[in-house]
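The values are calculated or read from the model by the stated rules, or taken from the named source; none is laboratory data. Values in this document were obtained by computation on a predicted structure and should not be read as measured data. Cβ placement follows ideal geometry from the backbone for every residue including glycine, while neighbour counts extend to all protein chains displayed.
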Amino acid sequence: MASESPSTVWPVLHYDDTRAALRFLVDVLGFEEVVAAPDEHGGLAHAELRRPGGGTLVFGSTRHKESVHGGMRAGTGAVYVVAADPDEVDRVHRGVVEAGGQVLEPPHRTVFGSGAASYVCTVGDPEGNLWTFGTYRGPAR
């Protein structure tokens, strides 16, 4: 298997409670903390997380209005995360259930608009962003 290249797409999300978001994303969804820059209010001004196997996520606080993303509301994003295999989809689902989180779609097989089959589950994080974990890795190269 060829080595995976670094992610070139970094979803950017915004949260009201950045500390709680960091804990959920790392402890429940399995991201790795790379950068967590504090702000003057006790939250995070900027955070970068990596997904084991590839992918990067950036997030910040809705409190900060001065950047190009200033004024974005929490709970307005959606992210698709490529899972290593169906077992990972099931592990994420179990973790969210155990954490008392929101499951919008439990693990199931589906076909995306592209016609590609995938095993997926969709969960909501504490501020309403949607996270779909699935086995679809993109079109064959």
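Please specify each residue of the range 37-49 satisfying the condition of being in contact with a Leu (Cβ under 9 Å, 6 or more places away or on another chain), farther than 23 Å from VAL97 by Cβ and either surrounded by 16 or more Cβ atoms within 10 Å (Cβ to Cβ) or hydroxyl-bearing (Ser, Thr, Tyr) (or both). Show your work before the answer.
From the range 37-49, those in contact with a Leu (Cβ under 9 Å, 6 or more places away or on another chain) are 37-38, 44, 47-49; that's our starting set.
Going one step further and asking which of them are farther than 23 Å from VAL97 by Cβ, we end up with 37-38, 44, 47-48.
Matches in the range 37-49: LEU44, ALA47, GLU48.
Residues that are over 17 Å from the mean Cα position of the chain (by Cα), at least 2 per element: which strands (runs of 3 or more DSSP E) completely within the range 63-141 meet that?
So the answer is 102-111, 117-124.
Does ALA83 count as among the aliphatic types (A, V, I, L, M), over 17 Å from GLY128 (Cβ atoms) and touching a helix residue (DSSP H, G or I) at 6+ places or on another chain (Cβ under 6 Å)? Quick ask: steps written out before the conclusion?
Details: among the aliphatic types (A, V, I, L, M): yes; over 17 Å from GLY128 (Cβ atoms): yes; touching a helix residue (DSSP H, G or I) at 6+ places or on another chain (Cβ under 6 Å): yes.
The answer is yes for ALA83.
Just checking, which of GLY30, GLY60 is touching a residue at least 40 places away in the same chain (Cβ under 8 Å) and either buried (at least 19 other Cβ atoms within 10 Å of the Cβ) or assigned to a helix (DSSP H, G or I) (or both)?
After ruling out the rest, the residue left standing is GLY60.
Residues of the range 73-97 being under 18 Å from VAL9 (Cβ atoms) and either without any contact (Cβ under 8 Å) to a residue 12 or more places away in the chain or in contact with a strand residue (DSSP E or B) (Cβ under 6 Å, 6 or more places away or on another chain) (or both), which ones?
GLY77, ALA78, VAL79, TYR80, VAL81, ALA83
Please go through (1) modelled with pLDDT of 90 or more; (2) closer than 21 Å to GLU127 by Cβ; (3) surrounded by fewer than 19 Cβ atoms within 10 Å (Cβ to Cβ); (4) not polar (S, T, N, Q) for ALA21 and return the number of the only condition it doesn't satisfy.
(3)
Examine the range 129-139 for a residue that is farther than 17 Å from PRO52 by Cα, surrounded by fewer than 17 Cβ atoms within 10 Å (Cβ to Cβ) and at pLDDT below 95, and state whether such a residue exists.
yes
Regarding VAL35, is this residue more than 26 Å from CYS121 (Cβ to Cβ), outside any helix (DSSP H, G or I) and modelled with pLDDT under 95?
On the way: more than 26 Å from CYS121 (Cβ to Cβ): yes; outside any helix (DSSP H, G or I): yes; modelled with pLDDT under 95: yes.
Answer is yes for this residue.
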